[in-house]
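The values are calculated or read from the model by the stated rules, or taken from the named source; none is laboratory data. Everything numeric here is computed off the predicted structure, so don't read it as measured data. No Cβ is skipped: glycine too gets one built from the backbone with ideal geometry, and neighbour counts run over all protein chains shown.
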Amino acid sequence: MNFTDSPSAHAEIAGTVQDHVDAARLAASLAALARFGGRDDGGVSRETLTDIDLAARRHLIEQARALGCEVSTDDCGNLFFRRPGREDLPPVLTGSHADTQPVGGKYDGAYGVLAGLEVIAALNAAGVETRRPIEVVSWTNEEGSRFGPGAMGSSAFVDPGRLAIYRDAVDPAGVRFGDALDAALTASADVPRLPMPRPMAACVELHIEQGPVLEAANVPLGVVTGIQAVRWFRVDCAGTMAHAGTTPMAVRRDAMAVAVAIAQELYALAPRDAAAGSNELRLTLGRWTVAPNSVNTIPGHVSFTVDMRCLDDAALDRAEAALRAACVRHAQASDAVTVERFFHRTPTHFPGTMLDAIERACTRASEQAGRAMPMRLTSGAFHDAMYLADHCPTAMIFVPSKGGISHNAAEDTDATELFLGAKALAYTVAELACR
Ligand code: HGY
Ligand code: MN
Ligand code: MN
């Protein structure tokens, strides 16, 4: 296909690539990756840098090489699948992550990586050579469930100084992220390692919404305008182990009683803050550890995590201040209460030029399918795109989640909407790679 440098020519090329996206090929690649950590309940357990994740990474490398891509990695184990362009310019980047929650679904992250590879397949089928290279990335440890914080790979790519701290993160079994990462890098020793960061012309991430908005509006494609802020904390409450039967209530140093009191103050805050007319404050106390975790011993140590989100950062400032004040107040009844913040990301807003490019792509795909026009929305979940937004013009495309469910084995999206999302991605990436 001849290359001419006009927006209308770019649009024509993008339309051709969009029309070469293949639904069956995409569905087959999604099903193949879902087998790595596949569960009887239809979900996927593929936490970052586990043996299952390493096997899935190897599968993706083989899939990419079969499409003619050059494969590279970096010091954080991110995998890049590159389709060369006419000129060796900074590439257009797409992709997402392949790690999952402990009980995750088939599409969170995996869909963005595999739709990116489907775009490569569509470009090959269309015989299109783009001006710029295109790279599909699979970021390391987006979920942050095994090793905190989340989005380690993308944030380290953008600011490599973060990696030294990440390497000392430990999982609940005491495994260091750095040791698991070195094992992964050894397993992919055949893959050239490139520096972090590298210049990128633009970044487009396709993802399931993981919430109820698009489904409620019966709109198949979302143009994501931004991502709400997120903060993660670990609260540690120390008490004194003692006998459950012989120890009078008045003399106990019960670490669980202190932890529950702090948690109740936090839960009481969330509705009040929502009532204040601000964006909803979302609070999750997802991981609890209790020692010695015995039915008849007063807990000597209780730790729990706090995940707080809001589009309004000032609401998170208030919530963090309330958490810290509650920890100080309840420390009197314990031996000690400490709170550590280990993840902090302010709200992300994507640039209008990227939103317009994505809107054109979504509109063409939706018109062809006779579906409703795309709508703009913000993301409740965080994504690697929040860090890439610090590095290059970035934005996201969403498809609906059935029942708004995600981080759950029941996570699901209609196959025709997965197909539409991949078509919108193909158009966007191809058009940007012509510029
Ligand atoms: O937690 C998140 O928002 C992302 O899905 N890991
Ligand atoms: Mn995700
Ligand atoms: Mn997730």
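This table checks each residue for (1) modelled with pLDDT of 95 or more; (2) assigned by TED's automatic domain parsing to the domain that holds residue 364; (3) surrounded by 17 or more Cβ atoms within 10 Å (Cβ to Cβ).
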| residue | (1), (2), (3) |
| --- | --- |
| 213 | yes, yes, yes |
| 218 | yes, yes, no |
| 239 | yes, no, yes |
| 244 | yes, no, no |
| 248 | yes, no, no |
| 267 | no, no, no |
| 277 | no, no, no |
Collect the residues in the range 94-105 that are surrounded by 24 or more Cβ atoms within 10 Å (Cβ to Cβ) and within 13 Å of ligand 2 (Cβ to nearest atom), keeping them in residue-number order. 95, 96, 97, 98, 99, 100, 104, 105
Filter the range 106-115 down to the residues that are of a type in the set (D, E, K, R) and more than 9 Å from ligand 2 (Cβ to nearest atom) and list them by number. 106
When residue 370 is evaluated against the numbered criteria (1) within 30 Å of residue 160 (Cα to Cα); (2) more than 16 Å from ligand 1 (Cβ to nearest atom), which criterion, by number, is the only one it fails? (1)
What residue, among those in the range 142-194 that are within 16 Å of ligand 3 (Cβ to nearest atom) and either in a helix (DSSP H, G or I) or modelled with pLDDT under 95 (or both), is farthest from residue 408 (Cα to Cα)? 155
Show me the strands (runs of 3 or more DSSP E) found entirely inside the range 322-435 where at least 2 residues are away from ligand 2 (no atom under 16 Å from the Cβ) and more than 15 Å from residue 206 (Cβ to Cβ). 336-345, 375-379
When you go through (1) touching a strand residue (DSSP E or B) at 6+ places or on another chain (Cβ under 8 Å); (2) away from ligand 1 (no atom under 16 Å from the Cβ); (3) of a type in the set (Val, Ile, Thr) one by one for residue 246, which number turns out not to apply? (1)
I'd like the full set of residues that are crowded, with 19+ Cβ neighbours inside 10 Å and either away from ligand 1 (no atom under 16 Å from the Cβ) or part of a strand (DSSP E or B) (or both), limited to the range 129-141. 130, 132, 133, 134, 135, 136, 137, 138, 139
So which pairs qualify, if the first residue must be in the range 313-332 and under 12 Å from residue 231 (Cβ atoms), the second must be surrounded by fewer than 14 Cβ atoms within 10 Å (Cβ to Cβ), the Cβ gap must be under 6 Å, and the two must be at least 6 apart or on different chains? 313/346
State whether one or more residues within the range 379-400 are at pLDDT 95 or above and over 19 Å from the mean Cα position of the chain (by Cα). no
